[in-house]
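Nothing in this text is a laboratory measurement; each read-out follows from the coordinates by a stated rule. Remember, it's a predicted structure, so these values are computed and weren't measured experimentally. We place every Cβ from the backbone using ideal geometry, glycine too, and count neighbours over all the protein chains shown.
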Amino acid sequence: MSEIGERTSLAAEHDAATPLAGTRIMHNFRLLGIDHEQFEPLFQLTDRQLKERGMVRRIANESPGFPCRISLVDADVGDEMLLLPYRHQPAASPYRASGPIFIRRGARQATLAADEVPSCVARRLMSVRAYDAEHMMVAAEVCEGSLVAPEIRRLFANDSVAYLHLHNAKQGCFSCLVNRA
């Protein structure tokens with residue numbers, strides 16, 4: 001276990017991934033948490049100031065249940081969280097999008113090893129969305145989080161895929177960015 005929580009290494013599952021037709025195999029990927037620095041000042045705001053910005057303060061009352069998009073771990077019961085809108089797809093494309101995310105007070109940006117899948121991803125139903133260099137979605141799949149690593153590898157086997165986004169499939173919330181490692 002590392003400093004940011006339990007993780008499942010799924011590197012051994014790469015043989016189970018089936019590449020898209022006419023593509024090359026890509027074995028390594030890295031999940032990235034959101035940079036924490038932009039959010040730190042928000043925790044100093046009052047609840048009224050947060051509300052004026054479309055944000056709310058929450059205290060985690062169960063775990064798992066509040067996945068932090070910075071640290072890529074589920075908050076512990078009692079952790080202070082902010083629920084706020086986040087532009088996870090800022091590119092000038094038809095797929096420009098934002099949505100709600102939880103961030104945890106004091107969280108630091110996750111630094112995961114290649115092919116690591118944190119438990120906050122592995123335990124949820126995930127939507128895996130593939131984008132090209134023009135920020136156009138070229139493929140998407142829904143899978144159990146325990147199967148996300150082979151799905152990432154399968155999608156990255158397509159040379160036109162520049163990056164992936166993971167979303168929690170049930171609530172639709174952005175989870176994290178995935179790049180080639």
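Checking the stated criteria, Asn61 turns out not to satisfy the condition of being in contact with a Leu (Cβ under 6 Å, 6 or more places away or on another chain) and either β-branched (Val, Ile, Thr) or surrounded by fewer than 22 Cβ atoms within 10 Å (Cβ to Cβ) (or both). On the stretch given as the stretch 77-101, residues that are more than 17 Å from Ala162 (Cα to Cα) and of a type in the set (Gly, Ala, Ser) total 4. Restricted to the stretch 118-145, and to residues there that are among the β-branched types (Val, Ile, Thr) and out of contact with any Gly (no Cβ under 7 Å at 6 or more places or on another chain), the residue that is surrounded by the most Cβ atoms within 10 Å (Cβ to Cβ) is Val128.
Here Val56 meets the list (1) surrounded by fewer than 16 Cβ atoms within 10 Å (Cβ to Cβ); (2) touching a Cys at 6+ places or on another chain (Cβ under 8 Å); (3) without any contact (Cβ under 8 Å) to a residue 40 or more places away in the chain; (4) not charged (D, E, K, R) almost entirely, failing just condition (2).
Each row is one residue, and each column tells you yes or no for (1) outside any strand (DSSP E or B); (2) of a type outside the set (A, V, I, L, M, F, W, C).
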| residue | (1), (2) |
| --- | --- |
| Leu72 | yes, no |
| Gly78 | yes, yes |
| Leu82 | no, no |
| Arg87 | no, yes |
| Tyr95 | yes, yes |
| Gly99 | no, yes |
| Ile103 | no, no |
| Gln109 | yes, yes |
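Evaluating Ala110 against the criteria (1) surrounded by fewer than 22 Cβ atoms within 10 Å (Cβ to Cβ); (2) more than 14 Å from His165 (Cβ to Cβ); (3) among the small types (Gly, Ala, Ser) leaves one unmet condition, (1). For beta carbons closer than 6 Å, sequence separation of 6+ or different chains, a first residue in the stretch 153-173 that is over 23 Å from Arg123 (Cβ atoms) and a second that is part of a helix (DSSP H, G or I) and of a type outside the set (S, T, N, Q), the qualifying pairs are Val161/Leu155. Pick from the stretch 161-179 the residues that are assigned to a strand (DSSP E or B) and touching a Ser or Thr at 6+ places or on another chain (Cβ under 9 Å): which of them is surrounded by the fewest Cβ atoms within 10 Å (Cβ to Cβ)? Only one residue tops the list, namely Asn168. For the stretch 61-84, a residue qualifies if it is touching a residue at least 40 places away in the same chain (Cβ under 8 Å) and not β-branched (Val, Ile, Thr), and the qualifying residues are Pro64, Pro67, Cys68, Arg69, Ser71, Leu72, Asp74, Leu82, Leu84.
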